[in-house]
Amino acid sequence: MAPLSEQGSADRMDADVIIIGSGMGGATLAAALAPSGQRILIVERGERLPDSPEARDPAAIFQRGHFRPAEIWHDAAGAPFNPGNYAFVGGNTKFYGAVLLRYRAEDFRPLAHMGGTTPGWPIGYDDLEPFYTQAEQLYRVRGDTAGDPTEPPRSAPFPFPAIPDEPDIAALRAAFAAQGLHPSSLPLGVDIDRWLARAPTTWDAFPDTTGAKSDAESCGLAAALKHPNVTLVTGTRVSRILAEGRRATGVQVHGPQGPRTLRAPTLCLCAGAVMSSALLLASASDEHPAGLANRSDQVGRNFMNHNLTAMIAFNPLRRNRSVYEKTIQFNDFYLTGGPRGEPLGNIQMLGRITGPILAGESGLPLWLSTYLAERSIHIMAMSEDLPDPQSRVLWKNGGVVLDWRRTNVEAHDLLVSRLRQAMRRAGWPLVLSKGFPKSKPSHQCGTARMGAEPSTSVVDSDLKAHDLDNLYIADASVLPTSAAVNPSLTVAALALRLGRHLAARRP
């Protein structure tokens, strides 16, 4: 590819497609587009994460916050907080738990919850199913469809068998089944043998520096960069998207070479639900006074992040000998369980919590944290956070303001109660729980929702901005609903679908 221009010009293009962000959406989109031969430029504000002893050190990660960014956001009251929003090549997937679940087929249709009714999607599960299958192949997902009553139809099996339960988790699976529940294997993007050869740790929040975890860098980006027409630039922050009329004309960036403008006939925004909406709002101009792609006043709105509660189920007479732990789930309450049969959510294992991890998360002394961790099982309840236009991302005084308003809390509390009862029946009588704080937007989605009606959405069903003819968004911001499963695989499937669309309409 020719060298990037320092200032750019209206008649000189730096690429055919500029992709902003190298996380799950951006990396997967690049992988889908790479075979088309189009010149693809991926702009990433972070750098590649180097290997280090801290990548295997729970105290460094959970107590000292070694990898946490220095970034500060504010809540609606103006209080600052440090979000768990990582800026590395591969984005937040460098630290994710690698759960790669499909949305259930019912999630694409309106669903009545205890806290309200979801709006449904402009596309159905059948429209996305082929791309779910492709995403599972690209991200080397290990799973098994057996046992899950909510498993949607699929055109192909998982590419690899499920990661095996460790003995104490196999016993928990059997204890759940004895209660009439339907435990099943979590679909995971981890090569367990390769991961454990690196160090005997879980993978939640531990960064992947070996390629053993199927993150956006080691899968999507690696596939894209095999093609000579794909270029990645790092340490380069996009500060503004430029537009004239119905066309985005370029991006202003700041990087090692200083400020410059990059131009391409097609721009794809893939910076994540918070940062993508913030960038659109920060790109306001005289022609677009409310922000780019925001004639509907929907950019930043409908922020969702799941209702999440972590549980430590303790028994002083039992030991948990597992290393990674995170292999099972059950969805018996995913589509029903409320007082009138409303959905409640998903139950899945957490990564193994050790003494240093618990000490870092709770502030308890290390000796007490180790005693509790060695005699407990660690599990999570996840419920759908419903779209609310007042729950939103704002851009004020050059920074992010996150006004997250939780919804559907009553359903989540009921799910937590059901899980607590199941753990006690499984032989873990003392159950401690803690909700995830607002400073951990780990499943952030919404803010640039997909929809057929331009007055109530930001992008159409092809992920093109309603207001602009050449700006696309491919990350969790476009999700109309959060469902109650991890969003990563759905983001990847949507990016693959967009890649097919853009390859077919090559300029």
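The values are calculated or read from the model by the stated rules, or taken from the named source; none is laboratory data. Nothing here was measured: the structure is a model prediction, and the numbers come from that model. Please note: Cβ atoms are built from the backbone with ideal geometry, for glycine as well, and neighbour counts cover all protein chains shown. When the accessible area is computed, the model is the full protein with side chains, heavy atoms only, and any ligands, DNA or RNA have been set aside. Shrake-Rupley method; radii C 1.70, N 1.55, O 1.52, S 1.80 Å.
List pairs: first in the range 422-442 and β-branched (Val, Ile, Thr), second open to solvent by less than 70 Å² (accessible area, probe 1.4 Å) and in a strand (DSSP E or B), Cβ under 9 Å, 6+ apart or cross-chain?
From residues that are β-branched (Val, Ile, Thr), the pairs are 431/311; 431/312; 431/313; 431/314.
If a residue has to be within 28 Å of residue 146 (Cα to Cα) and assigned to a loop (DSSP other than H, G, I, E, B) to count, how many in the range 314-338 make the cut? Walk me through how you get there before you give the answer.
Applying the first criterion (within 28 Å of residue 146 (Cα to Cα)) to the range 314-338 yields 320-338.
Narrowing the set further to residues that are assigned to a loop (DSSP other than H, G, I, E, B) leaves 320-327, 331-336, 338.
Of the residues in the range 314-338, 15 are within 28 Å of residue 146 (Cα to Cα) and assigned to a loop (DSSP other than H, G, I, E, B).
Matching residues to (1) modelled with pLDDT of 95 or more; (2) in contact with a His (Cβ under 8 Å, 6 or more places away or on another chain); (3) assigned to a strand (DSSP E or B); (4) of a type in the set (D, E, K, R):
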| site | (1), (2), (3), (4) |
| --- | --- |
| 412 | yes, no, no, no |
| 417 | yes, no, no, no |
| 420 | yes, no, no, yes |
| 424 | yes, no, no, yes |
| 427 | yes, no, no, no |
| 438 | no, no, no, yes |
| 441 | no, no, no, no |
| 447 | yes, no, no, no |
| 457 | yes, yes, no, no |
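Picking from 146, 156, which residue would you name as being part of a loop (DSSP other than H, G, I, E, B), among the aliphatic types (A, V, I, L, M) and either at pLDDT 95 or above or under 20 Å from residue 463 (Cβ atoms) (or both)? Before the answer, list the steps.
On the way: 146 fails: either at pLDDT 95 or above or under 20 Å from residue 463 (Cβ atoms) (or both).
Only one candidate passes the filter, namely 156.
In the range 269-287, what residues are in a loop (DSSP other than H, G, I, E, B) and crowded, with 18+ Cβ neighbours inside 10 Å? If you could, list the steps in order and put the result at the bottom.
Start the filter on the range 269-287 by keeping residues that are in a loop (DSSP other than H, G, I, E, B), which leaves 270-272, 283-287.
Within the range 269-287, 270, 271, 272, 283 meet the criteria.
If you check 351, 363, 345, 337, which single one turns out to be among the small types (Gly, Ala, Ser), over 26 Å from residue 73 (Cβ atoms) and surrounded by fewer than 23 Cβ atoms within 10 Å (Cβ to Cβ)? Show your work before the answer.
Values: 351 fails: over 26 Å from residue 73 (Cβ atoms); 363 fails: over 26 Å from residue 73 (Cβ atoms); 345 fails: surrounded by fewer than 23 Cβ atoms within 10 Å (Cβ to Cβ).
The conditions single out 337.
Can you tell me which residue is farthest from residue 494 (Cα to Cα) among those in the range 148-158 that are of a type outside the set (Lys, Arg) and open to solvent by 40 Å² or more (accessible area, probe 1.4 Å)? Break it down into steps so the answer makes sense when it comes.
Within the range 148-158, the first condition is being of a type outside the set (Lys, Arg), and the residues that meet it are 148-153, 155-158.
Now restrict to residues that are open to solvent by 40 Å² or more (accessible area, probe 1.4 Å): 149, 151, 153, 155, 157.
Values: 149: 24, 151: 19, 153: 18, 155: 17, 157: 19 Å.
Restricting to residues being of a type outside the set (Lys, Arg) and open to solvent by 40 Å² or more (accessible area, probe 1.4 Å), the top hit is 149.
Among the listed residues 93, 118, which satisfies the condition of being closer than 30 Å to residue 149 by Cβ and under 12 Å from the mean Cα position of the chain (by Cα)? Can you show your working first?
Details: 118 fails: under 12 Å from the mean Cα position of the chain (by Cα).
Exactly one of 93, 118 is closer than 30 Å to residue 149 by Cβ and under 12 Å from the mean Cα position of the chain (by Cα), namely 93.
If you take the residues in the range 212-239 that are assigned to a helix (DSSP H, G or I) and of a type in the set (A, V, I, L, M, F, W, C), which one is surrounded by the most Cβ atoms within 10 Å (Cβ to Cβ)?
Taking the range 212-239 first, the residues assigned to a helix (DSSP H, G or I) are 216-224.
Subset that is of a type in the set (A, V, I, L, M, F, W, C): 216, 219, 221-224.
Details: 216: 33, 219: 25, 221: 27, 222: 16, 223: 18, 224: 27.
Restricting to residues being assigned to a helix (DSSP H, G or I) and of a type in the set (A, V, I, L, M, F, W, C), the top hit is 216.
Taking the range 465-507 as the search range and keeping residues that are without any contact (Cβ under 8 Å) to a residue 60 or more places away in the chain and surrounded by fewer than 20 Cβ atoms within 10 Å (Cβ to Cβ), which one is farthest from residue 291 (Cα to Cα)?
So the first thing to find is which residues in the range 465-507 are without any contact (Cβ under 8 Å) to a residue 60 or more places away in the chain, and the list is 478, 487, 501, 504-505.
Filter again for surrounded by fewer than 20 Cβ atoms within 10 Å (Cβ to Cβ), leaving 501, 504-505.
On the way: 501: 26, 504: 29, 505: 27 Å.
Within the range 465-507, the match that is farthest from residue 291 (Cα to Cα) is 504.
Consider the range 162-190. How many of its residues are in a loop (DSSP other than H, G, I, E, B) and either within 16 Å of residue 424 (Cα to Cα) or in contact with a strand residue (DSSP E or B) (Cβ under 8 Å, 6 or more places away or on another chain) (or both)?
Of the residues in the range 162-190, the ones in a loop (DSSP other than H, G, I, E, B) are 162-166, 179-182, 186-187, 189.
Then keep just the ones that are either within 16 Å of residue 424 (Cα to Cα) or in contact with a strand residue (DSSP E or B) (Cβ under 8 Å, 6 or more places away or on another chain) (or both); that gives 162-163, 165, 179-182, 186-187, 189.
Final tally of qualifying residues: 10.
For the range 443-463: of the residues being without any contact (Cβ under 8 Å) to a residue 60 or more places away in the chain and open to solvent by 10 Å² or more (accessible area, probe 1.4 Å), which is farthest from residue 404 (Cα to Cα)?
If we take residues in the range 443-463 being without any contact (Cβ under 8 Å) to a residue 60 or more places away in the chain and open to solvent by 10 Å² or more (accessible area, probe 1.4 Å), then 462 is farthest from residue 404 (Cα to Cα).
Condition check: open to solvent by less than 20 Å² (accessible area, probe 1.4 Å), polar (S, T, N, Q) and in a loop (DSSP other than H, G, I, E, B). Does residue 209 satisfy that? Don't jump to the end; show me each part of the working.
Working: open to solvent by less than 20 Å² (accessible area, probe 1.4 Å): no; polar (S, T, N, Q): yes; in a loop (DSSP other than H, G, I, E, B): yes.
No; evaluated as a whole, the condition is false for this residue.
Determine which single condition residue 392 fails, assuming it passes every other condition in (1) open to solvent by 20 Å² or more (accessible area, probe 1.4 Å); (2) in contact with a Gly (Cβ under 6 Å, 6 or more places away or on another chain); (3) of a type outside the set (Asp, Glu); (4) without any contact (Cβ under 8 Å) to a residue 40 or more places away in the chain.
(4)
Does residue 98 satisfy being touching a Cys at 6+ places or on another chain (Cβ under 9 Å), in contact (Cβ under 8 Å) with a residue 24 or more places away in the chain and under 26 Å from residue 484 (Cα atoms)? Let's see the steps before the verdict.
Values: touching a Cys at 6+ places or on another chain (Cβ under 9 Å): no; in contact (Cβ under 8 Å) with a residue 24 or more places away in the chain: yes; under 26 Å from residue 484 (Cα atoms): yes.
Against the criterion (touching a Cys at 6+ places or on another chain (Cβ under 9 Å), in contact (Cβ under 8 Å) with a residue 24 or more places away in the chain and under 26 Å from residue 484 (Cα atoms)), residue 98 does not qualify.
How about the range 289-313: which of its residues are hydrophobic (A, V, I, L, M, F, W, C), open to solvent by 20 Å² or more (accessible area, probe 1.4 Å) and not in a loop (DSSP other than H, G, I, E, B)? Before you say what the answer is, go through the steps one by one.
Going residue by residue through the range 289-313, those that are hydrophobic (A, V, I, L, M, F, W, C) are 290, 292-293, 299, 303-304, 308, 310-313.
Imposing the further condition that a residue be open to solvent by 20 Å² or more (accessible area, probe 1.4 Å) reduces the set to 290, 310, 312.
Once the filter is applied, which keeps residues that are hydrophobic (A, V, I, L, M, F, W, C), open to solvent by 20 Å² or more (accessible area, probe 1.4 Å) and not in a loop (DSSP other than H, G, I, E, B), the range 289-313 yields 310, 312.
Of all residues in the range 188-205, how many are under 22 Å from residue 138 (Cβ atoms) and either open to solvent by less than 10 Å² (accessible area, probe 1.4 Å) or among the hydroxyl-bearing types (Ser, Thr, Tyr) (or both)?
5
Being among the aliphatic types (A, V, I, L, M) and touching a strand residue (DSSP E or B) at 6+ places or on another chain (Cβ under 6 Å) is the filter here; which residues of the range 440-468 pass it? Before the answer, list the steps.
Filtering the range 440-468 for residues among the aliphatic types (A, V, I, L, M) gives 448, 450, 452, 458-459, 463, 465, 468.
448, 450, 459, 463, 465, 468 - these are the residues of the range 440-468 that are among the aliphatic types (A, V, I, L, M) and touching a strand residue (DSSP E or B) at 6+ places or on another chain (Cβ under 6 Å).
Considering only the range 59-87, how many residues are acidic (Asp, Glu) and either in a helix (DSSP H, G or I) or over 20 Å from residue 235 (Cα atoms) (or both)? Even if it seems obvious, please write down each step before you answer.
Taking the range 59-87 first, the residues acidic (Asp, Glu) are 71, 75.
Cutting the leftovers down to either in a helix (DSSP H, G or I) or over 20 Å from residue 235 (Cα atoms) (or both) gives us 75.
The total comes to 1.
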